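Visitor: Take this structure, written in structure tokens, and hold onto it; I'll ask about it next.
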Amino acid sequence: QSAEEVKNSVREYFKTYASTFSSLPKNEWVRVSYGLRTDRSSGHVFEFFDEDRKSDQEAFSMWISAGELDRYKNGSLREDQFMGRLQSADLIDTENRTDLNVFGSVLETALNDADTEYLRVSGTPKPVYLPGMGVHYRLNISVRPQVFINQLRISTEDFEMDLDSLMLGLSEGLEVMSEQLSPLAIKLDSIFSGNLTREQRDSLRNEAREVRREIRIHADSLRNRVRPHAPRPPNPPGSIADSVDVAAESEKMMVQLKDVLSNYGSTLSSLPDNELLMITLNWSGRHRDLPQRTEVRIKKSNLLRGEDPEIEEIMRR
């Protein structure tokens, strides 16, 4: 679809479906934004366009107040009037907005300096600026799990080693795996792009089969080299696995976050005073002491006056 076709689809959504939000307060807004992928995920998504299509891809945002939606639904607004009140703006990449990017780096650094052992921000959050609304940062916070293996023997033709116990940090290993698999993900995604010849697709499939064969070989080798002698007994009371207090660590991170807002909020020079600073903290994993995510919101003018932000915790179901 071209950018204009996508915009027409969003306009149709506002006319047909958005007016069903009857419980939304009249002074609030319904917004649809399209085109910017900003969050990190455990998978890889790649898109391939030829030069003619690439130039036609745009990021934009459309929004309208719930009051206008209600007026259109009850017939107080004609369709042309409704479309005239539907606001739209192109979303500009924030790469060149130094103040917004520096603030994201400060967020990452401050929260990772919160003296936490198990919680860590994964990567620098990229700012997303929504015209008329504000700037949004999404931070992914991971719980660094560790695996304990007792009575481990590693043997090769050249040496043999026995270990009473071994502790593995999973997050570092997963990051390495992600980096190694990224090139393969790009190649596999290319198969479905529709822009390749049959010969190119066949070549990529052959490469994928070879990679799977090598993975099986390495997996078999690892199983032969790592032979645990006995299952690990239950954790004794007071062990590391039982004493992890991620709730206390999350509180330390929230203290750091509030300090950043207080000390660095004024550096957001390109953010209008009447717009919002919004921060989402995604707590990865399913730890019982952590919410699914935490939403932090404050208008810049209120931030400059020293007021506290609104903080909402979304619990897991």
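Visitor: D80 fails exactly one of the following numbered conditions: (1) in contact (Cβ under 8 Å) with a residue 12 or more places away in the chain; (2) more than 30 Å from Y264 (Cβ to Cβ). What is the number of that condition?
Guide: (1) is the only condition that D80 fails.
Visitor: Pick from the stretch 1-48 the residues that are at pLDDT below 80, polar (S, T, N, Q) and surrounded by fewer than 10 Cβ atoms within 10 Å (Cβ to Cβ): which of them is farthest from L139 (Cα to Cα)?
Guide: S22
Visitor: Looking at I92 and the list (1) part of a loop (DSSP other than H, G, I, E, B); (2) farther than 28 Å from L261 by Cβ, which single condition is not satisfied?
Guide: (2)
Visitor: Separate question: Modelled with pLDDT of 90 or more and under 21 Å from S266 (Cβ atoms): does that describe A114?
Guide: no
Visitor: Would you mention how many residues in the stretch 273-289 are surrounded by 14 or more Cβ atoms within 10 Å (Cβ to Cβ), at pLDDT 90 or above and not acidic (D, E)?
Guide: 8
Visitor: Could you check, for the stretch 49-67, whether at least one of its residues is out of contact with any strand residue (DSSP E or B) (no Cβ under 9 Å at 6 or more places or on another chain), at pLDDT 90 or above and surrounded by fewer than 17 Cβ atoms within 10 Å (Cβ to Cβ)?
Guide: Looking for residues that are out of contact with any strand residue (DSSP E or B) (no Cβ under 9 Å at 6 or more places or on another chain), at pLDDT 90 or above and surrounded by fewer than 17 Cβ atoms within 10 Å (Cβ to Cβ), one finds at least one in the stretch 49-67, hence yes.
Visitor: Please work out if G84 is of a type outside the set (F, W, Y), out of contact with any Cys (no Cβ under 9 Å at 6 or more places or on another chain) and on the phi > 0 side of the Ramachandran plot.
Guide: The answer is no for G84.
Visitor: Hey, could you check the stretch 247-260 for residues that are of a type in the set (A, V, I, L, M) and surrounded by fewer than 20 Cβ atoms within 10 Å (Cβ to Cβ) and say which is farthest from T116 (Cα to Cα)?
Guide: Going through the qualifying residues, I end up with V260.
The values are calculated or read from the model by the stated rules, or taken from the named source; none is laboratory data. The shown structure was predicted, so the numbers you read here are calculated from the model rather than taken from an experiment. Cβ: placed from backbone, ideal geometry, glycine included. Neighbour counts: every protein chain shown.
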